[in-house]
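Trainee: Below is a structure I'd like to ask you about.
The values are calculated or read from the model by the stated rules, or taken from the named source; none is laboratory data. Because the structure is a prediction, the values reported are computed rather than measured. Backbone-built Cβ (ideal geometry, glycine too); neighbour counts: all protein chains shown. SASA here: full protein model, heavy atoms, side chains in, ligands and nucleic acids out. Shrake-Rupley method; radii C 1.70, N 1.55, O 1.52, S 1.80 Å.
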Amino acid sequence: MTLRPLADVSPADWFIDDNASSMLRANVGPSGYESYVRVLHSPMGPDDDRYEGHLEEHLLRALCEVLADHTTTPDDCYFGLWDGYGELYGGDSALFLTAFSGPTRWPGRIFGKEKPPPPPPPAFPPFVLDGPKVSFFHDYLLFGGPLTDAGDWGAASYGHSIRRDINSPNLMWPADHAWFVTTTIENTWTAVGGTAALIDDLLAEPRLEVVRTRYDEGALR
């Protein structure tokens, strides 16, 4: 299954007016949870920095498995996707991603000029890309669905059966508000706020690199 795009963004109203500073909300999410941690992203190579703004699929799955045990609504969750990823809109902004993919193209005649490939289509229909957005420091498209579908955006392929990979959710929370997950576009870690029991389970999860943090440290990137 895939997540469903939502035209009603009111499920985000509960944290939009949080009194914490904009920098804290952007990096760590809403205030008021018992405990917070940073889930570190994967390194890009043996000696490289970690991925910015993206929790790799195996880490996202491990995180969601722990989160599922700490909400009464695992089948009713919300997922925010930053609307500024250029590949979402297709066209020239995504053409470079498919320039060397797909079937071999041959010129129409021996000295003819090769016809350029059509630009990739948008990831989502116009009513999604141009629809209401969650404004929480950045603007986000809002999707809904079960926690097990996190990251399955249902995006159109690039064409020629080339799968469209889109970043992990930038915002994520269940309908019961038991926890909140924030992955900003610049940070090399994902923030999680929740109960002390959730944080203890995350710290004990061997598949994740997790560092305990205070909410007010969220302004220190």
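Trainee: For F143, what charge total do you get from the other residues with a beta carbon under 11 Å from its beta carbon, if Lys and Arg give +1 and Asp and Glu give -1? The partial results should precede the final answer.
Mentor: Values: positive: R4; negative: D149, D152.
Counting the neighbours of F143, the net charge comes to -1.
Trainee: What net charge is computed for the residues neighbouring D83, neighbours being all others with C-beta under 13 Å from the C-beta of D83, Lys and Arg scored +1, Asp and Glu -1?
Mentor: On the way: positive: K133; negative: E87, D130, D139.
Its environment carries a net charge of -2.
Trainee: When the solvent-accessible surface of protein heavy atoms is calculated with a 1.4 angstrom probe, in what order do E209, E57, E34, E87 fall, highest first?
Mentor: From most exposed to least exposed: E34, E57, E209, E87.
Trainee: Can you grab the distance from the C-alpha centre of region 172-203 to the C-alpha centre of region 1-60, Å, no decimals?
Mentor: If we compute the Cα centre of each part, the gap is 7 Å.
Trainee: Give me the distance in nm between label points sitting 7 Å out from Cα along the Cα-to-Cβ direction at D130 and D17, one decimal.
Mentor: 3.1
Trainee: Which order do you get for Y89, Y36 if you rank them by accessible area with a 1.4 Å probe, largest at the top? Let's see the in-between values first.
Mentor: Numbers: Y89 90, Y36 10 Å².
Greatest to least solvent exposure: Y89, Y36.
Trainee: Shifting gears a bit: Using a 1.4 Å probe, how large is the accessible area of D165, given in Å² and rounded to the nearest 10?
Mentor: Here the accessible area works out near 100 Å².
Trainee: Sort T190, T72, T213 from largest to smallest accessible area, using a 1.4 Å probe on the heavy atoms of the protein chains. Please list the in-between numbers first.
Mentor: Working: T190 0, T72 115, T213 20 Å².
Result, largest first: T72, T213, T190.
Trainee: Grab the Cα-Cα distance for E56 and R163, subtract it from 0.36 nm times how many residues apart they are, and report the gain in nm with one decimal.
Mentor: Details: separation 107, 0.36 × 107 = 38.52 nm, distance 1.60 nm.
Answer, rounded to one decimal: 36.9 nm.
Trainee: Would you mind getting me the FRET efficiency between D48 and E186? Use the beta-carbon distance for r and R0 = 22 Å, nearest 0.05.
Mentor: Values: r = 16 Å, r/R0 = 0.74.
With a Förster radius of 22 Å, E is 0.85.
Trainee: A further question follows. Local charge sum around R4 (other residues, Cβ-Cβ under 12 Å, Lys/Arg +1, Asp/Glu -1)? All intermediate terms of the calculation are to be shown ahead of the outcome.
Mentor: Numbers: positive: none; negative: D8, D76, D149, D152.
Summing Lys/Arg as +1 and Asp/Glu as -1 gives -4.
Trainee: Also, quick follow-up: Stretch E205-E65 to full length: gain in nm at 0.36 nm per residue minus the Cα-Cα span?
Mentor: Gain in length upon complete extension: 49.4 nm.
Trainee: While we're here: Could you compute how much accessible surface Y51 exposes when probed at 1.4 Å, giving the result in Å² to the nearest 10?
Mentor: The accessible area of Y51 comes to roughly 70 Å².
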